[in-house]
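Values in this text are rule-based calculations from the coordinates and carry no lab data. Computed from a predicted structure; not experimentally measured. Here the Cβ positions follow ideal geometry from the backbone for every residue, glycine too, while neighbour counts run over all protein chains shown.
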Amino acid sequence: MHYEGTIIRPPSEANSILIQATVGCSHNKCTFCGTYTGERFRIKPDSIIMEDIAFAADYCRRQRRVFICDGDALIIPQKRLLNILAEIKNQLPWVTRVGIYANAKSLKMKTLDDLKALKDHGLGIAYMGLESGDDETLQKINKGSTADEMIRMGKKVKAAGIKLSITVILGIAGRKRSAIHAEETGRVLSTIDPDYVGALSLMLIPGTPMDAQYQAGQFPLLEPDEMLAELRTIIAHTHLSRGLFHANHASNYLPIKAKLPKEKDMTLKLIDQALAGKIALKPEWLRAL
């Protein structure tokens with residue numbers, strides 16, 4: 001495999017075949033993210049991508065899923081992306097699902113018909129980082145999109161029949177807007193109605209603008225119980241028709257995996273027990289990105 005730079009993938013794609021079609025992120029301006037610092041975004045040559053798919057055909061026969069890396073591979077021009085998906089289907093017929101990262105920028109460039117065509121060619125799930133449903137917070141972290149734009153893009157993914165997984169970040173708004181961030185995030189999630197929600201807890205990365213703000217005393221990092229209270233508010237304000245809400249990432253203080261709406265009340269009671277000190281939280285040394 002021709003891997004370059006930093007390779008990232010969602011936790012749920014841990015056992016997937018990783019095909020790196022792009023290097024870096026097309027936005028790469030979020031204040032909390034240091035994944036691609038100094039990395040210029042580019043799409044890899046088709047010849048290299050096809051070589052990697054051929055390699056997977058010989059050596060990855062036990063893996064049933066493919067994830068197309070990196071930060072925003074959906075931005076690949078439609079014809080080229082369709083060819084990549086067609087080659088995956090042709091060379092890896094045992095694969096049951098192909099996943100990809102998507103952001104509002106790349107989704108704006110795809111029509112509904114484009115997304116339906118990608119679905120027909122095997123794209124099964126898109127992962128989108130919402131981070132927050134609060135516009136002021138989105139602006140401060142330089143996300144590059146408003147909550148309304150992400151609602152429209154998320155709905156477009158769903159309308160195309162592609163499963164949608166959305167990531168939100170606890171603590172990203174700081175202390176002053178914590179409650180607003182939580183409530184607005186729940187509102188946006190409810191409006192989009194994704195298939196999966198993944199909540200991460202903010203961990204500052206040295207060298208990022210947000211870490212510099214923290215070091216200068218301009219950004220407060222929430223305490224564990226404040227993060228947990230924020231998670232409770234998000235879940236309380238999230239109304240999914242049918243979906244999974246995960247907060248079992250390594251960064252989180254309390255692992256949660258709940259089916260919504262069925263297990264919502266049970267999950268809120270679990271968080272309440274943790275807030276009351278009846279359930280131990282994960283110690284800092286066990287947390288990771």
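Quick rundown of the values:
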{"quantity": "Contour excess over end-to-end distance, with Cα ends at residue 29 and residue 179 and 0.36 nm allotted per residue", "calculated": "51.5 nm"}
{"quantity": "Percent of beta bridges antiparallel (DSSP, the chain, rounded to nearest 5)", "calculated": "20 percent"}
{"quantity": "Span-like helix ranges in the chain, DSSP H, alpha carbon extent 15 angstrom or more, Kyte mean at least -1.0", "calculated": "46-59, 78-91, 147-159, 178-192, 224-236, 264-275"}
{"quantity": "Tally of Lys pairs whose C-alpha atoms are under 24 Å apart, taken over region 118-219, 8 or more apart or cross-chain", "calculated": "11"}
{"quantity": "Protection proxy ranking of 184-190, 209-215 - average other beta-carbon atoms within 10 Å, highest first", "calculated": "184-190, 209-215"}
{"quantity": "Calculated [θ] (222 nm, deg cm²/dmol) that DSSP helices of n ≥ 4 give over the chain, each run adding -39,500 (n - 2.57)", "calculated": "-11000 deg cm²/dmol"}
{"quantity": "Rh by Kirkwood over Cα pairs, then Stokes-Einstein D for region 233-289 at 1.002 mPa s and 20 °C, µm²/s", "calculated": "177 µm²/s"}
{"quantity": "Cβ-Cβ FRET estimate between residue 223 and residue 39, R0 fixed at 35 Å, reported to 0.05", "calculated": "0.60"}
{"quantity": "q = 0.11, 0.19, 0.20 Å⁻¹: log10 I(q)/I(0) that the Debye formula gives for region 1-120, counting C-alpha atoms only", "calculated": "-0.34, -1.06, -1.17"}
{"quantity": "Modelled FRET efficiency - R0 22 Å, residue 136 with residue 284, Cβ distances, 0.05 increments", "calculated": "0.15"}
{"quantity": "Stokes-Einstein D in µm²/s, Kirkwood radius over Cα pairs - region 195-289 at 4 °C with 1.567 mPa s viscosity", "calculated": "90 µm²/s"}
{"quantity": "Convex hull of Cα atoms in the chain, direction-averaged projection (nm²)", "calculated": "14.6 nm²"}
{"quantity": "Ratio of the Cα radius of gyration of region 21-66 to 2.2 N^0.38 Å, where N counts its residues", "calculated": "1.53"}
{"quantity": "Length-normalised contact order for the chain - Cα pairs under 8 Å, 6+ apart - percent", "calculated": "14 percent"}
{"quantity": "Likely footprinting exposure, 131, 39, fewest C-beta neighbours within 10 Å first", "calculated": "39, 131"}
{"quantity": "Only Lys, Arg (+1) and Asp, Glu (-1) charged, at Cβ; the chain dipole about Cα centre in debye", "calculated": "700 debye"}
{"quantity": "Listed residue (141, 54, 189) projecting farthest to the positive dipole end of the chain, Cβ model", "calculated": "54"}
{"quantity": "The chain - Cys residues lacking any other Cys C-beta under 4.7 Å", "calculated": "25, 60, 69"}
